[in-house]
Amino acid sequence: MDTATTDDAPTSPRETGEPLVELRTVNKHFGALHVLQNIELTVHHGEVVVVIGPSGSGKSTLCRAINRLETIDDGEITVDGIPLPEEGKALAHLRADVGMVFQSFNLFSHKTVLDNVTLGPRKVRGVPKAQAESEAMALLERVGVESQAHKMPAQLSGGQQQRVAIARALAMRPKVMLFDEPTSALDPEMVNEVLDVMVALAREGMTMIVVTHEMGFARKAADRVVFMADGQIVEEAEPDEFFTNARTERARDFLSKIL
Ligand code: ADP
Ligand code: MG
């Protein structure tokens, strides 16, 4: 039964938004390993897509390809209709448009929290120091770590560091945010403080691609779940549908192991 066409069905960004990130028949090999196989994916403005799947299925490679931290063998990736630039200033701007948050925080360890957040806007966007700092303080406040602004990253907890990493990406005013298992390296008691920031971001309309196995986040914030296995997108569905009624054996098998 398909109820998606009833008049009172909520409209998702997928139905209303313009495409923002598009992958067309993307293939990538690492030597003999076909790590991305004919990937077709469109993420619309304002859409939140959660990518899940077994370890080694290609999720990180997919994220890294969208940010051009990895090249692809063939196919096309566009952000806001523009193919990914190869190098130089254009690439720096692409990386500003596509914010990325990694599992391992990746803050500059020898710079203060505030400098971590202001560096990109100053260097890439040419924002004056005072303006960059006042914007950074507002972002640090938004993620709840403004009191840590003048500390070094190592003085912060993992959850605080990851929230700084989110603020740092947001400082570039990205069009889309990629999160690659942002809570996997955190102690359990710090997971929610990071997920709460991400849920708030989603509700504010940020376009997001989130690799995570946090089902609570997916149910609260995702418009769509994409299930990857062995370099392929095996299944896509709305979260409730996917978690209760996955269509493929691969997905059901995976869910039985993590739920
Ligand atoms: P996931 O994030 O889903 O766990 P990855 O995208 O990290 O998967 O990796 C997919 C596969 O590609 C794995 O088998 C991994 O070992 C391999 N891989 C990842 N990066 C490289 C690399 N730079 N060189 C060779 N193999 C790689
Ligand atoms: Mg990964």
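The values are calculated or read from the model by the stated rules, or taken from the named source; none is laboratory data. From a predicted model like this one, the values you see are computed outputs, not experimental measurements. Using ideal geometry, Cβ is built from the backbone for each residue, glycine included, and neighbour counts are taken over all protein chains shown. Heavy atoms of the whole protein, side chains included, go into the accessibility calculation; ligands, DNA and RNA do not. Shrake-Rupley method; radii C 1.70, N 1.55, O 1.52, S 1.80 Å.
Here are a few things to note about the model shown:
- Per residue, the convex hull around the alpha carbon atoms of the chain comes to 141 Å³.
- Taken about its Cα centre, region 46-181 carries a charge dipole of about 580 debye when Lys and Arg each add +1 at the Cβ and Asp and Glu each add -1 at the Cβ.
- Placing dummy labels 7 Å off each Cα toward the beta-carbon, the span from Arg125 to His29 is 4.1 nm.
- Taking the C-alpha atoms only, the angle from helix 113-124 to the longest principal axis of the chain is near 80 degrees.
- Each of Val164, Val51, Gly99 was placed along the dipole of the chain (beta-carbon charges, centred on the mean Cα), and the one lying farthest toward the positive end is Val164.
- The residues packed around Pro153, meaning those with a beta-carbon under 11 Å from its beta-carbon, carry a net charge of +2 if Lys and Arg are +1 and Asp and Glu are -1.
- Cβ-defined net charge surrounding Ser184, 12 Å radius [Lys, Arg +1; Asp, Glu -1]: -3
- Solvent exposure of the chain, expressed per residue, is 48 Å² of accessible area, with all protein chains present and a 1.4 angstrom probe.
- Using C-alpha pairs below 8 Å separated by at least 6 residues, the relative contact order for the chain is 24 percent.
- For the chain, a simple Cβ point-charge model (Lys and Arg +1, Asp and Glu -1, everything else neutral) yields a dipole of about 1120 debye relative to the Cα centre.
- Charge dipole of region 147-259 about the Cα centre (unit charges at C-beta), most positive-ward option of Thr244, Met177, Ala229: Met177
- Pairs of alpha carbons in region 135-259 whose separation is greater than 24 Å (percent): 34 percent
- Using alpha-carbon coordinates, inclination of helix 158-170 to the longest axis of the chain, degrees: 90 degrees
- At 1.306 mPa s and 10 °C, Stokes diffusion of region 196-259 via Kirkwood alpha-carbon radius, µm² per second: 128 µm²/s
- With every protein chain in place, the chain: carbon and sulfur % of accessible area (1.4 Å): 48 percent
- Listed residues Glu214, Glu189, Glu18, most fluctuating in the chain (Gaussian network, C-alpha, under 10 Å): Glu189
- Between the helical axis of 249-258 and the longest alpha-carbon principal axis of the chain there is an angle of about 40 degrees.
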